[in-house]
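First up is the structure itself, then whatever we jot down about it.
What follows draws every value from the coordinates through simple rules; no lab data is involved. Keep in mind that this is a model prediction, so the values were computed, not measured. No Cβ is skipped: glycine too gets one built from the backbone with ideal geometry, and neighbour counts run over all protein chains shown.
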């Protein structure tokens, strides 16, 4: 009995090992503004990214920063990143709405894949737009958005991230999902001049690439 009691005490008081810590880089929670926060919601360093899925500079930032921002700072629990999607065009709206509909469990992966495969799906969108994108097939907004998503290869990406056909159909058939995406984007109007733009613990930062932002994060306490 004494041995069991001792083991129980050790289990309760021992610090979490790396193996039992939460995988913060794969954790997302809904934010009050209607977006998602990736990482530890209680992190000391709170970064907001204002991004557009059709913005090449946003893609460059995401890929350049991934190893350290995602792999170290977010993974350590010291930093969280809230993703607020701007909407530059109809394909951007479709991509951002799909990302929203992926839900907290899949959002980190979906967000990453949209940028990892950005060139691929943007090229498909450019090729599709003149023949089927300017007047997409469908009897309502949801069907038209699904046509755009299919033409740009976004449905394939959503499925690769873990979304199912029923979930994708439900996403576009519910007008509230599109309105929620637009609400987040509209809140940026007059606040930012372009994407990517950042807020670091409440301070707006414009025209910064990863090389400029990393030391600011370090100074704020990102590890």
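Observations on the model:
- Dmax and Rg, reported as Rg then Dmax, of the range 84-223 (C-alpha, Å): 16.5, 53
- Sorted by Cβ neighbour density within 10 Å, fewest at the top, the residues 35, 76, 173: 173, 76, 35
- Extended-chain gain in nm, criterion 0.36 nm per residue less alpha-carbon gap, residue 67 and residue 127: 18.4 nm
- Mean separation of Cα pairs under 8 Å and 6 or more residues apart, divided by the residue count, gives the chain a relative contact order of 26 percent.
- Helix 175-186 axis versus longest C-alpha principal axis of the chain: approximately 80°, rounded to the nearest ten.
- Once the Cα atoms are used to define both axes, helix 103-116 deviates from the longest principal axis of the chain by about 60 degrees.
- Spin-label model, residue 187/residue 203: points 7 Å from Cα along the beta carbon direction are separated by 2.3 nm.
- Gap separating the Cα centres of the range 57-72 and the range 185-223, nearest whole Å: 13
- In this structure, residue 57 and residue 156 have a Cβ-Cβ separation that, at R0 = 30 Å, corresponds to a calculated FRET efficiency of about 0.80.
- On Cα atoms only, tilt of 56-65 relative to the major axis of the chain in degrees: 20
- For 84, 90, order by how many other beta-carbon atoms lie within 10 Å, fewest first: 90, 84
- Computed from the C-beta positions of residue 173 and residue 29 and an R0 of 22 Å, the FRET efficiency is 0.30 to the nearest 0.05.
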